[in-house]
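No lab work stands behind these numbers, since they all come straight from the coordinates. Quick caveat, the model's predicted, so the values are computed rather than measured. As a convention, Cβ positions derive from the backbone with ideal geometry for all residues, glycine included, and neighbour counts pool all protein chains shown.
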Amino acid sequence: MQLAQRVKALTPSSTLAITAKAKELKVQGLDVIGLGAGEPDFNTPQHIIDAAVLSMNEGHTKYTPSAGLPALKKEIINKFAKDQGIDFDPSEIIVTSGAKHALYTLFQALLDEGDEVIIPTPYWVSYPEQVKLAGGKPVYIEGKEENDYKITAEQLISVISEKTKAVIINSPSNPTGMLYSESELKELGDVCLKHEILIISDEIYEKLVYGENKHVSIAELSPALKEQTIIINGVSKSHSMTGWRIGYAAGNKALIKAMTNLASHSTSNPTTTAQYGSIAAYSGSQEMLNEMREAFEHRLNTIYDQLIAIPGFTCLKPQGAFYLFPNVSKAAELTGYADVDDFSQALLEEAMVAVIPGSGFGAPNNIRLSYATSLDLLEKAIERIHQFVESKL
Ligand code: PLP
């Protein structure tokens, strides 16, 4: 079978691959602790499940409009008004099968062959692949560790070309957990306005922000920036609804219309039942969000000091999301591994802890550990890693 060039070049998601490998080892009876997960470990709140079941019993089991149920769009619009103070018209919103598919459809609607999308490193694994699948070219800028893995306006200017179509900003970031401040976003936004570059603002971790930190959307900074930005968000991480597959994009009407046309020929609509559940997610109590956020923050504060006590590990303290992203290049060197990929492999096979090597995120010196798992397991995993490193010194 001769496969298409576009899939031959595709690298499978490293996050999903390691998680699958860890599960396989567990099935073989090995006591592996998986820190690869990209999803909250809490159940979806009961009132959301009840609303979805009720909708089915009431007969809402048919297609919906391709861009989503009007009632769900209304809730999303209310959310933007309340959280960001931005007004959106229903024609500026598309509901999709997860935020991932919002991004996929966006790149398909936006990019012509050879168009460039600026992707700051470290990046979420799917951005480059999705850009390439749409015929685009990822252009990377290094978010330097000394700048909390964030890019500066000067760096952005230095890579802009005739072909630049868009830049991706993911705050809070997967994998680094870093947040852009209002002034940093303003500086980046000014560059994008001047050069007419679309800002793709992936805000999927918006609700998971810790300490004194505050999430700011670049689109809320001025009406001009709202026009220049497409926001990507969804209920997966905020409401612990990863399996429901509901995300959305909000932005320019013509772009949303093009995305809707594409969706009408690919997914038809996001699952009807999941849309009804998502209406309840936004219209019902948000209490659970706070409880989850507090649980994540408590875990982070408990394990952070244990993590940086491991010889050769350095780590910026995350401000949001649910990942730790230590630089472990020194630890790999001290323990005799050629690189961090080999070190990660050994962590899985010898220490029985599954972490994601940073190479998949464009950051080969780091590993990503998810703290979306119980504190007991987290402490046990960090202890195992510590002992593993000590034993090899
Ligand atoms: N954007 C980022 C940065 C993510 O980490 C993820 C999920 O891991 C997504 C988008 C996709 O979210 P969804 O599950 O809604 O497709």
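Scanning residues 5 or more positions from ALA354 or on other chains, those with amide H under 5 Å from its amide H are ILE33, GLY34, LEU35, with H placed 1.01 Å from N in the peptide plane.
The relative contact order of the range 17-110, computed from alpha carbon pairs under 8 Å that lie at least 6 residues apart in sequence, is 16 percent. Computed over the range 62-283, relative contact order equals 29 percent, with contacts defined as Cα pairs under 8 Å that lie 6+ residues apart.
Normalising by the residue count of the chain, find the relative contact order in percent from Cα pairs under 8 Å and 6+ residues apart.
On the way: 738 pairs, mean separation 90.7, N = 393.
Here the relative contact order equals 23 percent.
Backbone amide hydrogens, once placed in the peptide plane, bring ILE141 within less than 5 Å of ILE119, THR121, excluding anything fewer than 5 places away on its chain.
Starting from 0.36 nm per residue, how many nanometres of slack lie between ASN213 and ASN301 once their C-alpha separation is accounted for?
Values: separation 88, 0.36 × 88 = 31.68 nm, distance 1.44 nm.
Difference between extended and current length: 30.2 nm.
Applying both filters, DSSP loop and at most 15 other Cβ atoms within 10 Å, to the GluC sites (Glu not before Pro) of the range 73-176 gives GLU113, GLU162. Normalised by 2.2 N^0.38 Å, where N counts its residues, the alpha-carbon radius of gyration of the chain equals 0.98.
How much net charge surrounds LEU316 when only the other residues with a Cβ under 9 Å from the Cβ of LEU316 are counted, with Lys and Arg +1 and Asp and Glu -1?
On the way: positive: LYS317; negative: GLU145, ASP148.
Neighbourhood net charge equals -1.
The 3J(HN,Hα) values that the Karplus relation (6.51, -1.76, 1.60; θ = phi - 60°) gives for the range 68-76 are, in residue order, x, 5, x, 5, 6, 4, 4, 5, 5 Hz. Gly and Pro appear as x. Using the Cα coordinates of the range 62-283, the gyration tensor eigenvalues translate into equivalent-ellipsoid semi-axes of 26, 20, 16 Å, sorted from longest to shortest. With 0.36 nm allotted per residue and the present C-alpha distance subtracted, the LEU30-LYS82 stretch has 14.0 nm of extension available.
Taking the DSSP beta bridges with both ends in the range 62-283, the antiparallel portion is around 35 percent. Sparse packing (at most 14 other Cβ atoms within 10 Å of the Cβ) combined with a DSSP loop state is found for the following GluC sites (Glu not before Pro) in the range 309-388: GLU350. With θ taken as phi - 60° and the Karplus curve 6.51 cos²θ - 1.76 cosθ + 1.60 applied, the whole-hertz 3J(HN,Hα) list for the range 119-131 is 10, x, 9, x, 10, 5, 3, 7, 4, x, 5, 5, 4 Hz, x standing for glycine and proline. On the basis of the beta-carbon distance and an R0 of 45 Å, GLN2 and THR61 show a calculated FRET efficiency of 0.70. In order along the range 19-34, the Karplus-derived 3J(HN,Hα) couplings, from 6.51 cos²θ - 1.76 cosθ + 1.60 at θ = phi - 60°, round to 4, 5, 5, 5, 5, 4, 5, 5, 4, 6, x, 7, 8, 8, 9, x Hz, and Gly and Pro are given as x.
Net charge of the neighbourhood of ALA37, taken over other residues with C-beta under 12 Å away and scored Lys/Arg +1, Asp/Glu -1, is +1.
Reducing the range 144-167 and the range 4-21 to their Cα centroids gives an inter-centroid distance of 26 Å.
Taking amide H atoms as placed 1.01 Å from N in the peptide plane, the amide H of ILE169 lies under 5 Å from those of ILE200, SER201, ASP202, each 5 or more residues away in sequence or on another chain. In the chain, excluding the sites themselves, the longest stretch lacking any of the trypsin sites (Lys or Arg not before Pro) that are in a DSSP loop with at most 12 other Cβ atoms within 10 Å is 215-393. Please tell me which of these pairs span more than 19 angstrom C-alpha to C-alpha: LYS21/LYS100; LYS186/LYS237; LYS79/LYS237? Over 19 Å apart, Cα to Cα: LYS21/LYS100; LYS186/LYS237.
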